[in-house]
Amino acid sequence: MDEKITLTLNPNDVPAIKEELMVKPGVGDAVEQAMQQTVLSPEEQQMVESFAGQIDLHDTAAVMQYGAAGQKKVADFSDAALENVRTKDLGEAGKMMTELVAELKNFNADPDDKGLLSLFKKKSTKLDAMKARYATAEVNVDRIQSMLEQHQVTLLTDIKMFDKMYDMNLSYFKELTMYILAGKKALETARSTELVELVEKAKTSNLPEDAQAAKDFEDMCLRFEKKLYDLELTRNISIQMAPQIRLIQNNDTMMAEKIQTSIVNTIPLWKSQMVIALGLANSQAALEAQKAVSDMTNKLLLKNAEALQQGTLAAATEAERGIVDIETLSTTNKMLMDTMDEVLKIQAEGHQKRAAAEEELGRIEGELKQKLLEINTTTVTQ
């Protein structure tokens, strides 16, 4: 045990507690049962015997200050423990753990939420955007990791410090126990010897001063008994401190383990998933580019085949045609026959008209001759 037990009647002989807590941490692992069932070594028993012989119940100041050194150690120790707990901020570490989880969950590793894109340009844009998001998230994750590592160092230091505090508390408990044992031994001796003698003397002398002396010493024994009771209350505080220290230490240990898990498991796994996601995205982009090339090649082949088919069929069709289509000959032949029929019709009508005209001309000519004969006959007669 690092803490040296000292019994003193001078309450000023108390070392500084807060500085001791910040010095090299101990590694003690005593249990509460050891505090409740205190076993003193032969040297400690001898110390109790020797110290009990130094206690003077006639010294009012000594009685009032008895065990004050041990009580002061416990009080200073409690203040130091409270200060260590007060300056710790596990809430901040917990907040950073929550922030880390949110950062990892909010990053979407899927570069295309709507399925495969058809154009490589759009795929490349998506990939660049995902790389930018990953770079930002990685910066935030690294920042949180650095802060968590600092908290982890603080927690590990505090865990060792609490081991030291536990050992110191155990030492103070034993020291108070030794004060109580020595005090009870001295009180028992005083009551069984000196107080009995003073009472017997007062009874024998029947003097008021002897009776007062016996009464004063009895009152002093009673005050000393109350002082021992106060020490027992202080020792009970020390008993309660043990599980409190272990509880706080256990909380620190669990938080340190969570931070360790995040640093060595969660964050590396997240980064490896991001690397895989980026690799898959690059592969997907290459596949999309190859698909675009293949699709264009097939499209061009189909168009060329279609154009070739159309050109070949058109050439073959044109090659099989005659100089004049039979339909054209049929149409022109029909038109020719129709024309000939029309000509014959027109000629027949012309012939009929000419024949009628000749008859009309003969009639006209006959009428003219007749008229001329009539005119000549009349002239002769006259």
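Throughout, read-outs are computed from the coordinates displayed, never taken from laboratory work. Being a predicted model, the structure only gives us computed values, none of them experimental. No Cβ is skipped: glycine too gets one built from the backbone with ideal geometry, and neighbour counts run over all protein chains shown.
So the values come out like this:
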{"quantity": "Potential extension, Thr332-Thr60 segment - 0.36 nm per residue separation minus Cα distance", "calculated": "82.2 nm"}
{"quantity": "At 1.567 mPa s and 4 °C, Stokes D of region 238-382 from Kirkwood alpha-carbon radius, µm² per second", "calculated": "44"}
{"quantity": "Sorted peptide list for 348-357, 172-181, criterion being average Cβ within 10 angstrom, highest first", "calculated": "172-181, 348-357"}
{"quantity": "Volume per residue of the C-alpha convex hull in region 130-235, rounded to whole Å³", "calculated": "97"}
{"quantity": "Residue-wise HN-Hα coupling along region 355-365, computed from phi with Karplus coefficients 6.51, -1.76, 1.60 (Hz; x: Gly, Pro)", "calculated": "5, 5, 5, 5, 5, 5, 5, x, 5, 4, 5"}
{"quantity": "Set Lys164/Lys258; Lys73/Lys174; Lys184/Lys227 screened for pairs whose C-alpha atoms are more than 18 Å apart", "calculated": "Lys164/Lys258"}
{"quantity": "Region 124-278, relative contact order [Cα under 8 Å, separation at least 6], %", "calculated": "41"}
{"quantity": "Contact order relative to length of region 170-250, as percent, for alpha carbon pairs under 8 angstrom and 6 or more apart", "calculated": "45"}
